[in-house]
Amino acid sequence: MTSNAISAQKTQFYIESSGAAPEFVPIKEIQSYSGFDGKASEIDVTTLDSDAKEKRKGLTDNGGFQIEVNRVYTDPGQTLLDEAQSDTEPRRFKLVLPNGWVGLFAALVMSFDLKGGVDAVIKSSAALSITGKVEWQKPAAKKGA
């Protein structure tokens with residue numbers, strides 16, 4: 001059997017700039033990412049007439065998204081991420097997977113730290129808190145297909 005697993009190589013991640021004409025700016029030097037780690041809340045609807053706990057599914061919390069980068073102070077995307085730490089409003093982000101699927105979401109930049117060590121390059125990790133829905137777009141159909 002041949003696996004249909006998707007390589008993470010060539011994944012792209014963008015942050016939207018602010019201003020009159022916002023555009024998605026790539027964040028370079030990403031080494032790893034993880035996220036969309038939230039879950040729906042659980043609502044207890046148990047009453048005195050219930051024979052056991054009764055539950056309903058509540059709203060979904062899409063959780064967070066984290067990236068780790070080689071810190072590059074001349075990268076416009078990393079500069080926007082750094083600036084967004086002080087924003088009180090969320091920024092929009094775009095994750096483009098190598099298979100063409102695109103995830104769009106809004107998030108608050110909660111932190112963008114700095115770390116270094118012996119025999120290492122300077123790295124940063126950004127922690128984003130997703131607000132609202134994550135929208136997934138299918139890959140564009142190839143012409144002639």
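Quick notes on this structure:
- Within the stretch 111-134, the set of residues being within 12 Å of the chain's Cα centre (by Cα) and not small (Gly, Ala, Ser) comprises 128, 130, 131, 133, 134.
- Of all positions in the stretch 40-60, none carries a residue that is among the acidic types (Asp, Glu) and either closer than 16 Å to residue 127 by Cα or in contact with a His (Cβ under 7 Å, 6 or more places away or on another chain) (or both).
- Tally of residues being of a type outside the set (Gly, Ala, Ser), crowded, with 16+ Cβ neighbours inside 10 Å and either closer than 16 Å to residue 75 by Cα or in contact with a His (Cβ under 9 Å, 6 or more places away or on another chain) (or both) across the stretch 116-133: 1
- Taken over the stretch 1-38, residues that are more than 26 Å from residue 61 (Cβ to Cβ) and out of contact with any Ser or Thr (no Cβ under 6 Å at 6 or more places or on another chain) amount to 16.
- Of all residues in the stretch 68-87, none satisfies being touching a Leu at 6+ places or on another chain (Cβ under 8 Å), under 30 Å from residue 141 (Cβ atoms), surrounded by 11 or more Cβ atoms within 10 Å (Cβ to Cβ) and not aliphatic (A, V, I, L, M).
- Conditions (1) at pLDDT 95 or above; (2) in contact with a Gly (Cβ under 6 Å, 6 or more places away or on another chain); number of the one not met by residue 38: (1)
- The number of residues in the stretch 71-93 that are of a type in the set (D, E, K, R), in a loop (DSSP other than H, G, I, E, B) and closer than 13 Å to residue 128 by Cβ comes to 1.
- Within the stretch 1-24, residues that are over 15 Å from residue 105 (Cα atoms) have Cβ atoms under 7 Å from residues that are surrounded by 10 or more Cβ atoms within 10 Å (Cβ to Cβ) and among the polar types (S, T, N, Q) in these pairs: 6/99, counting only partners at least 6 apart in sequence or on another chain.
- Identity of the residue in the stretch 94-108, closer than 29 Å to residue 19 by Cβ and not in a strand (DSSP E or B), that ends up nearest to the chain's Cα centre (by Cα): 97
- Looking across the stretch 45-86, the residues that are without any contact (Cβ under 8 Å) to a residue 24 or more places away in the chain and under 22 Å from residue 25 (Cβ atoms) come down to 73, 74, 79, 83, 86.
- When the stretch 50-70 is filtered for residues that are part of a strand (DSSP E or B) and under 20 Å from residue 90 (Cα atoms), the ones remaining, listed by number, are 59, 60, 61, 64, 65, 66, 67, 68.
- Test: residue in the stretch 109-123 that is in contact with a Phe, Trp or Tyr (Cβ under 9 Å, 6 or more places away or on another chain), aliphatic (A, V, I, L, M), at pLDDT 95 or above and in a strand (DSSP E or B): no
- Cβ-Cβ under 7 Å pairs, at least 6 apart or on other chains, the stretch 93-115 side surrounded by fewer than 13 Cβ atoms within 10 Å (Cβ to Cβ), far side of a type in the set (Val, Ile, Thr) and at pLDDT 95 or above: 98/11; 114/122
The values are calculated or read from the model by the stated rules, or taken from the named source; none is laboratory data. Quick caveat, the model's predicted, so the values are computed rather than measured. Every residue, glycine as well, gets a Cβ built from its backbone with ideal geometry; the counts of neighbours run over all protein chains shown.
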